[in-house]
Amino acid sequence: MTYSADRLWEEVVYVSYYLHWSVASVLDLEHPARARVIEEIGRINTQLSQE
(Lines give C-alpha, C1' and ligand atoms only; values in the text may rest on other atoms or scores of the structure.)
Protein backbone atom coordinates (compact mmCIF):
# COMPACT_ATOMS: atom_id res chain seq x y z
CA MET A 1 0.00 0.00 0.00
CA THR A 2 1.30 3.42 -0.89
CA TYR A 3 0.34 6.50 1.09
CA SER A 4 0.22 9.97 -0.32
CA ALA A 5 2.71 12.43 1.06
CA ASP A 6 -0.17 14.48 2.49
CA ARG A 7 -1.56 11.50 4.40
CA LEU A 8 1.87 10.62 5.77
CA TRP A 9 2.36 14.20 7.01
CA GLU A 10 -1.07 14.14 8.67
CA GLU A 11 -0.04 11.04 10.59
CA VAL A 12 3.37 12.46 11.51
CA VAL A 13 1.91 15.73 12.77
CA TYR A 14 -0.84 13.93 14.72
CA VAL A 15 1.59 11.67 16.57
CA SER A 16 4.17 14.42 17.05
CA TYR A 17 1.55 16.75 18.50
CA TYR A 18 0.09 14.31 20.99
CA LEU A 19 3.24 12.45 22.03
CA HIS A 20 5.81 15.22 21.45
CA TRP A 21 7.89 12.89 19.30
CA SER A 22 10.26 14.18 16.65
CA VAL A 23 9.37 13.84 12.99
CA ALA A 24 12.27 11.40 12.60
CA SER A 25 10.97 9.21 15.43
CA VAL A 26 7.53 8.97 13.88
CA LEU A 27 8.93 8.30 10.41
CA ASP A 28 11.08 5.50 11.86
CA LEU A 29 7.91 3.57 12.77
CA GLU A 30 6.74 0.93 10.33
CA HIS A 31 3.27 1.65 9.00
CA PRO A 32 1.45 -0.95 11.16
CA ALA A 33 3.08 0.41 14.32
CA ARG A 34 2.33 4.01 13.35
CA ALA A 35 -1.29 3.08 12.60
CA ARG A 36 -1.58 1.41 16.02
CA VAL A 37 -0.17 4.46 17.79
CA ILE A 38 -2.67 6.67 15.93
CA GLU A 39 -5.51 4.32 16.85
CA GLU A 40 -4.56 4.38 20.52
CA ILE A 41 -4.24 8.18 20.61
CA GLY A 42 -7.72 8.40 19.09
CA ARG A 43 -9.11 5.93 21.61
CA ILE A 44 -7.64 7.87 24.52
CA ASN A 45 -8.98 11.17 23.15
CA THR A 46 -12.46 9.67 22.71
CA GLN A 47 -12.42 8.29 26.24
CA LEU A 48 -11.29 11.61 27.71
CA SER A 49 -13.90 13.58 25.80
CA GLN A 50 -16.65 11.33 27.19
CA GLU A 51 -15.58 11.87 30.81
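The table below gives the values:
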| item | result |
| --- | --- |
| SER4 - accessible surface, heavy atoms, 1.4 Å probe, Å² rounded to 10 | 70 |
| Helix axis angle, 5-19 relative to the chain longest principal axis, alpha carbon, degrees | 40 |
| Gain upon complete extension [ALA24, ILE44; 0.36 nm per residue less C-alpha separation] | 4.9 nm |
| GNM flexibility winner over the chain from VAL23, VAL15, VAL37 (Cα, springs under 10 Å) | VAL23 |
| Angle between the chain longest axis and helix 31-50 axis [Cα atoms, degrees, rounded to 10] | 20 |
| Solvent-accessible area, 1.4 Å probe, carbon plus sulfur percent, for the chain | 57 |
| Over the chain: helical MRE at 222 nm, DSSP H runs n ≥ 4 each giving -39500 (n - 2.57), nearest 500 | -26000 deg cm²/dmol |
| For ILE38, net neighbour charge (Lys/Arg +1, Asp/Glu -1) across residues whose Cβ lies under 14 Å away | -1 |
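The values are calculated or read from the model by the stated rules, or taken from the named source; none is laboratory data. From a predicted model like this one, the values you see are computed outputs, not experimental measurements. Here Cβ is always computed from backbone atoms with ideal geometry, including for glycine, and neighbour counts include all displayed protein chains. Accessible surface areas use protein heavy atoms only, side chains included; no ligands, DNA or RNA. Shrake-Rupley method; radii C 1.70, N 1.55, O 1.52, S 1.80 Å.
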